[in-house]
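To keep things clear, I will list the structure first and then write my remarks on it.
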Amino acid sequence: MRGSTLNCDKFLSLVSDYIDGSLSPIKSKEMEAHLRKCKKCRIFANTLRTTVELYRSLEKVQPQDIPVPIHDTLHLMIREEWQVHRVLVNVGRHRFPLRLNLFVEVVEFADKINISIEVPGIKKEDIILMVARDYVEVSGVRKIIDGFYYLTEMNAGPFTRKIKLPFPVDTSKVQAYLENGILKITLLKV
């Protein structure tokens with residue numbers, strides 16, 4: 001950006017400290033100057049700031065009170081989302097990545113329930129399945145591939161889907177496998 005000493009990449013490297021309020025006053029002024037001139041970074045920063053403030057208001061914690069694993073995960077998510085944001089800015093189209101929409105089918109039988117979840121392009125090792133007596137939770141990540149994207153309409157990043165079960169299931173007898181981009185789960189009724 002003209003007149004600003006920061007470019008978008010440098011802005012990204014400082015955004016976490018800026019939002020936490022731990023950036024030096026000089027760097028903060030440079031960040032604010034960049035934000036005044038760069039609409040795309042301003043939208044990104046405002047969205048991120050709102051998310052962080054919502055988290056803090058719900059938990060009533062200060063930045064230094066956030067556990068290290070959560071802090072590191074949040075920063076990793078910010079970097080991953082910025083990569084998608086930066087790619088779309090480079091091709092002149094601005095949007096923020098949506099979380100993956102997982103389409104689900106739940107079918108009940110006399111003694112079991114079958115659940116099918118669409119997870120296209122996601123490897124088995126990138127999926128976490130958690131089964132409790134009354135719900136199933138699927139989470140994971142669709143990774144962003146390094147490279148210059150000329151077009152991307154596929155969502156990437158972390159996902160979570162929690163499915164409430166209509167009856168208790170036996171958590172010791174879960175069958176699950178991934179076939180052609182569909183995660184298939186069979187649960188036995190208690």
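Every read-out reported here was derived from the displayed coordinates using simple, explicitly stated rules and does not represent laboratory data. Since we're looking at a predicted model, the values are computed, not measured. So basically every Cβ, Gly included, is an ideal-geometry build from the backbone, and we count neighbours across all protein chains shown.
Worth a mention:
- V190 sits among other residues whose Cβ lies under 14 Å from its own Cβ, and their net charge, with Lys and Arg +1 and Asp and Glu -1, is 0.
- Among 166-178, 127-139, sorting by the average number of other beta carbon atoms lying within 10 angstrom of each residue, highest first, gives 127-139, 166-178.
- Net lengthening on full extension, E108/I128 (0.36 nm per residue, minus Cα-Cα): 4.9 nm
- FRET efficiency for A33 and K164, using Cβ-Cβ distance with R0 set to 30 Å, rounded to 0.05: 0.05
- For the range 104-188, alpha-carbon Rg relative to the globular expectation (2.2 N^0.38 Å, N residues): 1.24
- Rounded to the nearest whole Hz, the Karplus-based 3J(HN,Hα) values (6.51 cos²θ - 1.76 cosθ + 1.60, θ = phi - 60°) of the range 167-172 follow the sequence 7, x, 10, 7, 6, 8, with x at glycine and proline.
- For the range 104-188, the relative contact order works out to 35 percent when only alpha carbon pairs closer than 8 Å and six or more residues apart are counted.
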